[in-house]
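Accompanying notes for the structure given below.
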Amino acid sequence: MKKLLYIGFSTLILGILTVSCNNDDDYQTIESVDKIKIDSVKIMYDTMNVFAIQSIRTYSTYSSSCEGFYGYDYIHNDSLSRTVTAYKYRTNGSCAQGNHIGMNQINFRPQQTGTYTFKFWNGDNNWITRTIVVQ
């Protein structure tokens, strides 16, 4: 019985080591993260209630399949103004060239009433400005 348990345990460990050492060809390393301009912004409602949630969608153009959305830099400049910069990643994989559009979103949940001003980075010193009135 002990011999059977030993063989079973040894087989299990060997199986785990074999799977752990498997070379995963689909794995790609992120090589860099950089700003990407926001081409357009879609806000469904320019007026909303305080504490309600609204999705703000942004669209950016990526130049290859090795690029994708990494995250936002969402800065509260003061209580009613925000600046938003999008970032892309680039991997080291084999890439299909050609532009593709990526859509991402921010869920906006205002904590106070007022007119909120959003500035979305559009490259260089250009910004897309949108306002939302919160009642």
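Things to note:
- Considering residues of the range 80-135 that are surrounded by fewer than 17 Cβ atoms within 10 Å (Cβ to Cβ) and of a type in the set (Gly, Ala, Ser) only, the residue farthest from the chain's Cα centre (by Cα): Gly114
- Checklist (1) of a type outside the set (Val, Ile, Thr); (2) in contact with a Phe, Trp or Tyr (Cβ under 9 Å, 6 or more places away or on another chain); (3) in a strand (DSSP E or B) applied to Arg57, failing item: (2)
- Any hit, the range 58-79, residues being open to solvent by less than 50 Å² (accessible area, probe 1.4 Å) and in contact with a Pro (Cβ under 7 Å, 6 or more places away or on another chain): no
- Note on the range 102-135: residues that are without any contact (Cβ under 8 Å) to a residue 24 or more places away in the chain and at positive phi total 1.
- Residue match in the range 33-52 (condition: farther than 20 Å from Trp121 by Cβ and assigned to a strand (DSSP E or B)): yes
- Selection status of Ser94, part of a loop (DSSP other than H, G, I, E, B) and free of Cβ contacts under 8 Å to residues at least 60 places away in the same chain: yes
The values are calculated or read from the model by the stated rules, or taken from the named source; none is laboratory data. Keep in mind it's a predicted model, so treat the numbers as computed, not measured. Quick reminder, even Gly has a Cβ in these numbers, built from the backbone with ideal geometry, and neighbours come from all protein chains shown. Heavy atoms of the whole protein, side chains included, go into the accessibility calculation; ligands, DNA and RNA do not. Shrake-Rupley method; radii C 1.70, N 1.55, O 1.52, S 1.80 Å.
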